[in-house]
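The values are calculated or read from the model by the stated rules, or taken from the named source; none is laboratory data. Owing to the predicted nature of the structure, the values given are computational and were not obtained by experimental measurement. Quick reminder, even Gly has a Cβ in these numbers, built from the backbone with ideal geometry, and neighbours come from all protein chains shown.
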C-alpha cells in the first residue's frame, strides 16, 4: 500500500500521524489485508450480507404520550432545565 | 455454593457486616493492586457508605436480596455516573460519566456495591491490556505475564480476590480470553441479552457486556440481574430463564441428557499441548458421566477471524468518529499552531488515540471506502451469515460445543506487541461466538506445569444462556 492511499485514509479518519509511523501503518495494513484476503476464497454464493448482530426487526413502541414528558408545558411552550 | 451466595449467607447470618466485607476487599486491593494494577479508579468512601446502608437494613430485620452488600468492579468502558470513564484512552481522560449504564442501574437497584473501574485495552481493542493508555495490568498468577484483554483489569480483579465479581465487555473474546488467562469464569451472553446502553461502543453488532466471577453459580446470579430488554437499547431482548428441559434436568444433581460437540477445526496443530491434554481429561470425565460427546465440523472456522477483522474495524471507524478530543482530553501540546478546526481534529485524534486504535480505524476506513466496500465489507457480511448458518446446523446435531478458549497459556508482557497479527490470533477460538451472537462461557479447568490458568470454552445456541450456565455448572462440579 502506498503513501497516497494512507494519506487519503488518514484524512478521512481525521488522524494526524508522524511520517515514520505512516510507514509502520502501511506495513501493518498490508499484512492484515493479506491475511483477510483469504475470505475471497470462501464460497458465499446465494448468501445475503448480514447486517448487524440480530435478526433485523424494527423495535416499535405504542404510540402513547410519555406522561413524564408532557408535564413541561407552559403557555404553549415546553419548559426545560438549562442545557448550556 | 458460589462466592456470592456464601457472602450473602454470612451477611444474613450476621457473621460479617457489609461494611466489614467492603473494608476487607479494599484491604486486599491496597495489598495487591500496586503490583497487579487492575484498577484505574477506586471509590472507597461511597462504597463504605452504601455498605453501611445495607447494614442498617439488616439490623432493622429487613430481608436483603442476594447481591445486596456485594462489592463489584466495572471495566472502564462502562459508564458509572459521576466517575471518570476513560475507555482506557487519553482522548477521554477527563470524561466524567453523565449517566449510569443500564447494567449499573440494575446492579445498584439490586444493592450491589460499586468499588471501582478496571483497566482495559484502549477502547476495548486488544488481547492483553497492554494497549491501555495508562498502564498494563499484570496477570495475578505471574506478574511478568498478561492478564489477557481487553477486560484484563476486571479478570485480574476477580482472580486476585480484589472484587467478588466484575463486569467486562466482549466483542471478539474480551471477556472469555482474559477469564481463561486469569482462571476465572467469564460469560459472554447472547448478543442483545444485556443492554448496551452506557457501554462505550466499539463494534455495535458484536459488543456484549458480561460478568467475571469465581463460579458459574455467581455468573448466573449476575447475569440474571443485568440482563433483560431495555427501551434504551433496541437491540436488547428478554430471554427465557428456564433451561431447556429437553436436555437439561429441572434439578441440580441429575445427569443432563445433553449432547456435546467437539468441533474438529478448533483442536488444531498450534494448540498448546498442556491445554489440549487438560481439555481431553475434562472431556473424558464428561463422557464417564454418560453425556454424549461427538466430533462435529464447522468448516468456516478459519474464516471467522478474517471476517471479524473486517467487520469490527469497519464498525470501529464509524463509532470512534465522534471523538474530537475537545472536551475530555488534556489539550495537545500546542507546539505547532492549530490552523483550523480540521487541523484541531487531526491533532487531537492523532494524539488522543493510541497505536492500535489508529491502526483499526485506518483499516476500517479502508474496507468501507469506495472501491473496496464490496470486496471486503460486503464479502465479510456474507461470510458472517455463512458462519451463523453453520452454527445453526451444528446445533441440530448437538446441544453445546466445547472448545479451547485460547490457543496458548498467558503470554509474557511485550511478547506480542510488535506483531499485531500475532496478537489478533489469540482470539482465534473466541471470535466466532461474537460473529454469530451466540452465548459462550470460559470455565477455568486447571493449570499448566508453570501454574498458569487453563480455560475451556462452552458455546450454546442463540438465547440459550441459562441452559449454557446449567451445563457449565454440571461440568464445573466434575472438576
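Tell me whether region A:59-79 contains one or more residues that are within 8 Å of chain B (Cβ to nearest Cβ), exposed (fewer than 10 other Cβ atoms within 10 Å of the Cβ), assigned to a loop (DSSP other than H, G, I, E, B) and modelled with pLDDT of 75 or more. Steps first, answer last, please.
Narrowing region A:59-79 to residues within 8 Å of chain B (Cβ to nearest Cβ): A:59, A:61.
Next cut, exposed (fewer than 10 other Cβ atoms within 10 Å of the Cβ) only: A:61.
Of the ones still in play, those that are also assigned to a loop (DSSP other than H, G, I, E, B) are A:61.
Pick out the ones that are also modelled with pLDDT of 75 or more and you get A:61.
Checked region A:59-79: at least one residue is within 8 Å of chain B (Cβ to nearest Cβ), exposed (fewer than 10 other Cβ atoms within 10 Å of the Cβ), assigned to a loop (DSSP other than H, G, I, E, B) and modelled with pLDDT of 75 or more.
Only a single item in (1) within 22 Å of residue B:171 (Cα to Cα); (2) buried (at least 20 other Cβ atoms within 10 Å of the Cβ) is not met by residue B:417, and it is number (2).
Looking across region B:369-380, the residues that are assigned to a helix (DSSP H, G or I), facing another protein chain (nearest Cβ under 9 Å) and either touching a strand residue (DSSP E or B) at 6+ places or on another chain (Cβ under 8 Å) or farther than 13 Å from residue B:309 by Cβ (or both) come down to B:375, B:378.
Let me confirm something: among B:383, B:357, B:394, which residue is closer than 30 Å to residue B:244 by Cα, more than 7 Å from chain A (Cβ to nearest Cβ), assigned to a helix (DSSP H, G or I) and modelled with pLDDT of 95 or more?
Values: B:383 fails: more than 7 Å from chain A (Cβ to nearest Cβ); B:357 fails: closer than 30 Å to residue B:244 by Cα.
When all the criteria are applied, what remains is B:394.
Remark: residue B:167 falls outside the filter, which requires a residue to be crowded, with 24+ Cβ neighbours inside 10 Å and in a helix (DSSP H, G or I).
Looking at B:467, B:418, B:426 in this structure, which one is out of contact with any helix residue (DSSP H, G or I) (no Cβ under 9 Å at 6 or more places or on another chain) and over 30 Å from residue B:248 (Cβ atoms)?
Working: B:467 fails: over 30 Å from residue B:248 (Cβ atoms); B:426 fails: out of contact with any helix residue (DSSP H, G or I) (no Cβ under 9 Å at 6 or more places or on another chain).
Selected residue: B:418, the only one of B:467, B:418, B:426 that is out of contact with any helix residue (DSSP H, G or I) (no Cβ under 9 Å at 6 or more places or on another chain) and over 30 Å from residue B:248 (Cβ atoms).
Among the criteria (1) in contact (Cβ under 8 Å) with a residue 40 or more places away in the chain; (2) within 11 Å of another protein chain (Cβ to nearest Cβ); (3) outside any helix (DSSP H, G or I), the one residue B:317 does not fulfil is (3).
When A:11, A:43 are checked against the criterion of being more than 7 Å from chain B (Cβ to nearest Cβ) and assigned to a loop (DSSP other than H, G, I, E, B), a single residue qualifies: A:43. Within region B:280-306, can you find the residues that are in a helix (DSSP H, G or I) and over 14 Å from residue B:429 (Cα atoms)? Matches in region B:280-306: B:280, B:281, B:282, B:283, B:284, B:285, B:286, B:287, B:288. Please go through region B:68-78 and give me each residue that is surrounded by 24 or more Cβ atoms within 10 Å (Cβ to Cβ) and either free of Cβ contacts under 8 Å to residues at least 40 places away in the same chain or part of a loop (DSSP other than H, G, I, E, B) (or both), ordered by number. The answer is B:69, B:70, B:76, B:77.
Just one of the listed residues (B:113, B:104, B:36, B:91) is touching a residue at least 24 places away in the same chain (Cβ under 8 Å) and within 16 Å of the chain's Cα centre (by Cα), and it is B:104.
In region A:24-40, is there at least one residue being part of a loop (DSSP other than H, G, I, E, B), more than 8 Å from chain B (Cβ to nearest Cβ) and exposed (fewer than 15 other Cβ atoms within 10 Å of the Cβ)? For region A:24-40, residues part of a loop (DSSP other than H, G, I, E, B), more than 8 Å from chain B (Cβ to nearest Cβ) and exposed (fewer than 15 other Cβ atoms within 10 Å of the Cβ): absent.
Considering only region B:257-272, I want to know if a residue exists there that is more than 14 Å from chain A (Cβ to nearest Cβ), in a helix (DSSP H, G or I), in contact with a strand residue (DSSP E or B) (Cβ under 7 Å, 6 or more places away or on another chain) and touching a residue at least 40 places away in the same chain (Cβ under 8 Å). Walk me through it before giving the result.
Residues of region B:257-272 more than 14 Å from chain A (Cβ to nearest Cβ): B:257-264, B:266-272.
The next check asks that each one be in a helix (DSSP H, G or I); those that pass are B:264, B:266.
When the remaining residues are screened for being in contact with a strand residue (DSSP E or B) (Cβ under 7 Å, 6 or more places away or on another chain), the result is B:264, B:266.
Imposing the further condition that a residue be touching a residue at least 40 places away in the same chain (Cβ under 8 Å) reduces the set to B:266.
Yes - at least one qualifying residue is present in region B:257-272.
No other residue among B:212, B:181 is modelled with pLDDT of 95 or more, outside any strand (DSSP E or B), away from chain A (no Cβ under 14 Å) and within 29 Å of residue B:123 (Cα to Cα) apart from B:181. Considered as a group, the residues in region B:441-471 that are more than 17 Å from the chain's Cα centre (by Cα) and in a helix (DSSP H, G or I) include one that is surrounded by the fewest Cβ atoms within 10 Å (Cβ to Cβ), and that residue is B:466. For residue B:235, the conditions (1) in a helix (DSSP H, G or I); (2) within 11 Å of chain A (Cβ to nearest Cβ); (3) more than 26 Å from residue A:13 (Cα to Cα) all hold with the exception of (1).
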